[in-house]
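The values are calculated or read from the model by the stated rules, or taken from the named source; none is laboratory data. Everything numeric in this text was worked out from a predicted model, so none of it was measured. Cβ: placed from backbone, ideal geometry, glycine included. Neighbour counts: every protein chain shown.
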Amino acid sequence: MNNFISIKLIDHHLSSLIVLVKRSVIIESDSKLANQMKVLNDAKQFRKTLQLFNKNKDNNNINTCSSTIIIQALKACSQLGDLKSGSTIHNLISSRIKNDSWILVSLINMYSQLKR
C-alpha cells in the first residue's frame, strides 16, 4: 500500500514536470506579456496587471496563456482582494489545474489570502 502511494506521488510529480516543460516553451509575445505583468505586480500596480491580462485574454484563448501569466493574474487578484476576478480566472482555467501544480498553488494562495 505504501509503495502504491509512493508510485502515485512520483507519477503525479512526473506528470506535473512534463506539463511544466511543455508550457515553458512559450511564444515570444506570451513571454513578453508575462514579464510585463510581473513588472506591474512588482511595482504594486495590480489593477494594471489585471487590465493587461483581461485585454490579452480577450484577444487569445485563455488555455494558450502560459502558467506564468495565469499566476501573475491570480497574484494581482489576491493583492487587490478581488474574489470575483480570481474566481472567473479559476473557472476559465479549471481544466488545467490537475496538470499544473504551479497554478494550483497560486489558486490555493489566492483563496487563502482572500478568506482572511
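Being aliphatic (A, V, I, L, M) and under 16 Å from residue 63 (Cα atoms) is the filter; apply it to the range 74-91 and report the residue that is surrounded by the most Cβ atoms within 10 Å (Cβ to Cβ).
Going through the qualifying residues, I end up with 89.
Any idea which of 67, 94 is buried (at least 19 other Cβ atoms within 10 Å of the Cβ) and modelled with pLDDT under 95?
67
Is there a residue being under 11 Å from the mean Cα position of the chain (by Cα) and surrounded by fewer than 21 Cβ atoms within 10 Å (Cβ to Cβ) anywhere in the range 41-62? Please lay out each step first, then the result.
So in the range 41-62, the residues under 11 Å from the mean Cα position of the chain (by Cα) come out as 62.
Right, trim to surrounded by fewer than 21 Cβ atoms within 10 Å (Cβ to Cβ) and you get 62.
For the range 41-62, residues under 11 Å from the mean Cα position of the chain (by Cα) and surrounded by fewer than 21 Cβ atoms within 10 Å (Cβ to Cβ): present.
Does any residue of the range 14-30 turn out to be at pLDDT 95 or above, surrounded by 11 or more Cβ atoms within 10 Å (Cβ to Cβ), in a helix (DSSP H, G or I) and not hydrophobic (A, V, I, L, M, F, W, C)?
No, there is no match, as no residue in the range 14-30 is at pLDDT 95 or above, surrounded by 11 or more Cβ atoms within 10 Å (Cβ to Cβ), in a helix (DSSP H, G or I) and not hydrophobic (A, V, I, L, M, F, W, C).
When both residues are 6+ apart or on different chains and their Cβ atoms are under 8 Å apart, which pairs have a first residue that lies in the range 87-116 and is at positive phi, and a second that is of a type outside the set (Ser, Thr, Tyr)?
Hits for this filter: zero, empty list.
Taking residue 77 as meeting all but one of (1) under 23 Å from residue 31 (Cβ atoms); (2) at pLDDT below 95, write down the number of the exception.
It is condition (2) that residue 77 fails.
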